[in-house]
Amino acid sequence: MSEYVAALKSAGIRVAIITNHNKFDRDEFKILSKHARKQEVFLLPGLELSGKDGSNGIHTLVVFSDEWIPNPENAYYVQSFLNVTFSGQSNFENENGSSNHDLHETIRELDKFGRDYFLICAHVEANNGLWGGLSGGRICELGKSDIFPARCLGFQKVTTNDKRVQVKNWLGDWYPAEVEGCDCKSIGDIAKGKHTFLKIGAFNFQAIKYALIDHVNRLATIPPRSIIPM
């Protein structure tokens with residue numbers, strides 16, 4: 001645990017989202033978070049959810065506020081959500097599993113818990129990403145809905161400008177932040193690839209959320225002064 005946090009700090013990463021496919025280990029996260037605080041690194045709890053949209057399933061990062069993982073004597077809300085969205089399934093804790101809900105249904109199920117969260121669409125150009133896995137009609141439908149633009153704050157790993165332009169045309173007036181991320185399989189993979197830099201006023205969930213919403217002014221791919229890498 002301490003080696004993982006040390007690698008984040010060594011790479012200059014001060015904000016990180018911890019995700020696994022279709023699962024979340026609360027005890028592991030709390031230990032990691034405790035080590036991270038000592039090193040002035042802020043960790044956000046999350047999971048990489050494989051939804052049932054598209055022929056390959058769509059991978060979406062769900063990023064939770066601390067309200068989802070309260071003290072042990074209270075309910076464990078992240079696991080409660082997983083029990084609902086994978087109800088009736090076994091062996092779903094891998095990237096090939098797909099939940100019982102599409103993106104709209106997933107948001108509705110998450111909203112039932114009355115606790116804050118946001119979504120980042122993972123590796124959007126891949127076959128199991130939002131852009132690569134869905135038709136233009138479905139993407140238009142999501143962009144025009146009342147709930148998806150309010151909860152989706154980022155598209156991860158945008159690399160093709162022509163596709164970016166096409167998706168922007170499909171979505172119309174709404175287009176979220178473009179962010180990067182490291183799908184590391186080992187400590188040695190941490191920080192490989194591009195970075196995202198956020199301008200934040202505090203190390204908490206609300207500050208990260210606000211920076212992503214105001215991404216025109218608070219997000220960059222080149223590190224200006226006083227911006228924190230994510």
| note | Evaluated at 25 °C and 0.890 mPa s, the Stokes-Einstein D of the range 101-205 based on the Kirkwood radius over Cα pairs, in µm²/s, stands at 161
| field | GNM top mover of Val216, Val179, Val62 - the chain, alpha-carbon springs below 10 Å | value | Val216
| message | Tell me the mean residue ellipticity at 222 nm calculated for the chain from its helices only (DSSP H runs of n ≥ 4, each -39500 (n - 2.57), averaged over every residue, nearest 500). | response | -9500 deg cm²/dmol
| task | Nearest 5 is fine: what % of DSSP beta bridges in the range 106-230 come out antiparallel, could you say? | result | 40
| said: Can you compute the FRET efficiency between His104 and Asp162 using 1/(1 + (r/R0)^6), with r the Cβ-Cβ distance and R0 = 35 Å? Round to the nearest 0.05. | reply: 0.80
| How many percent of DSSP beta bridges within the chain run antiparallel, rounded to 5? | 60
| What percent does the relative contact order of the chain come to when contacts are Cα pairs within less than 8 Å and at least six residues apart? | 18
| field | Cα Rg over Rh - the range 2-229, Kirkwood | value | 0.94
| With each label point set 7 Å from Cα along the Cα-Cβ vector, what nm distance links Ile31 and Asn94? | 2.4
| field | Shape box of the range 37-148 [Cα atoms, principal axes, largest first, Å] | value | 44, 36, 28
| task | Enumerate the calculated ³J(HN,Hα) couplings along the range 192-202 in order (Karplus 6.51 cos²θ - 1.76 cosθ + 1.60, θ = phi - 60°), each rounded to whole Hz, writing x wherever the residue is Gly or Pro. | result | 6, x, 7, 10, 10, 10, 10, 9, 10, x, 7
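Coordinate-derived values only; no laboratory data. Predicted model only: the values in this text are computed from it and were never measured. Because the Cβ atoms are built from the backbone with ideal geometry, glycine has one as well, and the counts that use them run over all protein chains shown.
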